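Presented below is the structure to which this report refers.
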Amino acid sequence: MSAALITAPAQPSELCPPRRTRHLRRCARLTAVCLAGGLLTAGCFPFWLFDDWRGDTPTTTVPPRTTSTPPSIDNVDVADWPPLGPEGTIGVDLSDDRSLSSVSFDFNHSFSRVVSGTAASIEVSGTELGEGLGKLTITAMDSDGGWAQRWVENLLVDLTPPEVTIGKTVLPQQGDNAKLEIWVADAWVLGHVDLEFNGSTLSHDFGQVYPETLGTAWDYSLVSFPTSALAAGTGTARITAYDAAGNATIEQFELSVDGNAPLVSILAPAPNQTVSGLFQVSLSALDPEGGPCWIQVKLGGTDLGTAVGPSAKITVDASEFVPGELTLEATAVDEAGNESLVASVPIVIAQP
């Protein structure tokens, strides 16, 4: 071994780079071992020196981390009109840069749907959401735990059918009372009403408007159908009431549209007959439809009362009237409200 190679043992602090204390101690121990064994060679000391030079801790090579973008709720398809009914749907389009996981809906009912892939389109029905008026919250999740939300404010889901109350069902075909009246009510918004009878269909539409009672009280309305637009006769009629969301209520009932007025006659006293004291007025009334009749009687414009046909008698006190000629009148009204022509005869009230 050449003398040039014999040198004073180097101090560990001189061979180790001035790094952190922990590494300096490790380097010093290993350098001391190498020096003691005469092993200060490229195979001993430089390895540990290089290892120390690489930093505080050995580094591990890993793939670069990719930051995932949260999912996107691209579109929520919900119409302004009509309100959502049992079969109505809301469409939702979703997307994600990696993979979708689920989408949840929070309204009256809360539920989730499993989705996958980078894009999905789903539909949810009014029945799934449940009935109510308020905010729908839609939450999309991806496989990395990312999420996104969208809201639908003032969403109306109507699952309750309307209610129907039918008025008088024996009706005249003409006149002021020639109309079928029906009360309809809905928990939210009324839509339209159809009447079917004897091959004819009449409809009433409430228009695309939300009532002032929305969310606070039921929506009530009186619907009148003119019987002049219906064929006369008796048969089964059908009312179908719809609310704006498409819920329907059907009511069937017997309807009589009477196009014939009754006939009335004054049988006694005879025309121009003189009467005194108590006397009887004999009457006859006939409804062509075979129903009952009511007969209204007047003498000199004074109401004598109402009798029930087809035949009737009324007792009158002549002393209650001014002597002289007066007109006796009778009018018959049938169950439908048809009014007969006035029957009249002149009579003479005798002097007391």
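The values are calculated or read from the model by the stated rules, or taken from the named source; none is laboratory data. Predicted model, so just to flag it, every value in this text is computed and none were measured. Using ideal geometry, Cβ is built from the backbone for each residue, glycine included, and neighbour counts are taken over all protein chains shown.
Structure above, values below:
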{"read-out": "Candidates Ala270, Ala244, filtered to the one that is modelled with pLDDT of 95 or more and under 30 Å from Ala307 (Cα atoms)", "value": "Ala270"}
{"read-out": "Close pairs (6 angstrom Cβ cut-off, 6 or more residues apart or separate chains): among the charged types (D, E, K, R) in the range 227-256, part of a strand (DSSP E or B) anywhere", "value": "Arg238/Glu196; Arg238/Gln252; Asp243/Asp186; Asp243/Leu190; Asp243/Gly191; Glu251/Val164; Glu251/Ile239"}
{"read-out": "Matching entry among Ala241, Ala245 (being touching a helix residue (DSSP H, G or I) at 6+ places or on another chain (Cβ under 9 Å), farther than 25 Å from Asp334 by Cβ, crowded, with 20+ Cβ neighbours inside 10 Å and not assigned by TED's automatic domain parsing to the domain that holds Glu87)", "value": "Ala245"}
{"read-out": "Pick from the range 181-211, criterion in contact with a Pro (Cβ under 9 Å, 6 or more places away or on another chain) and either surrounded by fewer than 16 Cβ atoms within 10 Å (Cβ to Cβ) or of a type outside the set (A, V, I, L, M, F, W, C) (or both), ranking: nearest to Gly167 (Cα to Cα)", "value": "Asp186"}
{"read-out": "Criterion (out of contact with any helix residue (DSSP H, G or I) (no Cβ under 6 Å at 6 or more places or on another chain) and part of a loop (DSSP other than H, G, I, E, B)) met by exactly one of Glu212, Glu153, Glu123", "value": "Glu212"}
{"read-out": "Qualifying residue in the range 110-122 (condition: assigned by TED's automatic domain parsing to the domain that holds Asp77, β-branched (Val, Ile, Thr) and under 15 Å from the mean Cα position of the chain (by Cα))", "value": "no"}
{"read-out": "Filter result (loosely packed, with under 15 Cβ neighbours inside 10 Å, under 56 Å from the mean Cα position of the chain (by Cα) and closer than 13 Å to Ile347 by Cβ) within the range 303-325", "value": "none"}
